[in-house]
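To start, the structure itself, in structure tokens.
The values are calculated or read from the model by the stated rules, or taken from the named source; none is laboratory data. What you see is a predicted model; the values in this text were computed from it and never measured. Every residue, glycine as well, gets a Cβ built from its backbone with ideal geometry; the counts of neighbours run over all protein chains shown. Accessible surface is based on the protein model in full, side chains and every heavy atom, while ligands, DNA and RNA are left aside. Shrake-Rupley method; radii C 1.70, N 1.55, O 1.52, S 1.80 Å.
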Amino acid sequence: MTLRPPFPPFDELSASEKVQAAEDAWNTRDPERVALAYTEDTVWRNRARLFSGRNEIVAFLRAKWAQELDYALRKELWTFTGDRIAVRFQYECHDGDGRWWRSYGNEMWEFTADGLMSRREASINDRRITESDRRIFGPRPVSERGLPLPIW
């Protein structure tokens, strides 16, 4: 059995740790590493796309990061209860034509007792930005952890 601490039920500290661990993993842009945080039969909704299982996560993330170049992400704890956590996030990336984007969204997560995510639902909106509008440059420095995300 794979264990992925911290475990539910979450308190503010353990929920915050789970959110930061997710941010750190996604910023590696390593689909196999990211997929290990989810149950074998995890269920995802990402925008309008529905799929399940680690293999589909890996395929999805490979395709995502092949198109979303120089991807960098920030997540922020929104709320938590028991085995559930809600986050808001922002990420920036550019496409193959050099256009920069900032994507805003909310995720709802549900976890098993062993700390693996069994359900992820993500709603995401994209906004075109100029390169000079960027504010996310790779993984979050330790000095910025816990700071709230700007709305715009």
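Some notes on this structure:
- Under the simplified labelling scheme, the residue 133-residue 106 pair shows an inter-label distance of 2.2 nm, with each label point 7 Å from Cα along Cα→Cβ.
- Separation in nanometres of the label points that stand 7 Å from Cα toward Cβ, at residue 69 and residue 113: 4.8 nm
- Based on Cα contacts under 8 Å between residues 6+ apart, the chain shows a relative contact order of 25 percent.
- Whole-Hz ³J(HN,Hα) from phi, Karplus 6.51 cos²θ - 1.76 cosθ + 1.60, for the stretch 115-121, glycine and proline x: x, 8, 7, 9, 8, 9, 10
- All other residues whose Cβ lies under 13 angstrom from that of residue 6 are scored, Lys and Arg at +1 and Asp and Glu at -1, for a net of -3.
- Förster radius 22 Å - calculated FRET efficiency between residue 13 and residue 78, Cβ distance, rounded to 0.05: 0.90
- Cα gyration tensor shape of the stretch 42-123, rounded if a/c is under 1.5, else prolate or oblate by comparing a/b with b/c: oblate
- DSSP beta bridges in the chain [antiparallel fraction, %, rounded to 5]: 90 percent
- Between the helical axis of 54-67 and the longest alpha-carbon principal axis of the chain there is an angle of about 10 degrees.
- Between the amide H of residue 42 and those of 53, 54, distances stay under 5 Å, these residues lying 5 or more places away or on another chain, with hydrogens modeled in the peptide plane.
- Take the chain with all the other protein chains still there, run a 1.4 Å probe, and you get 55 Å² of accessible area per residue.
- Principal-axis tilt of helix 12-26 within the chain, Cα atoms, nearest 10 degrees: 50 degrees
- What the Cβ-Cβ distance of residue 52 and residue 149 gives, at R0 = 30 Å and to the nearest 0.05, is a FRET efficiency of 0.55.
- The chain - percent of accessible surface contributed by carbon and sulfur, probe 1.4 Å: 53 percent
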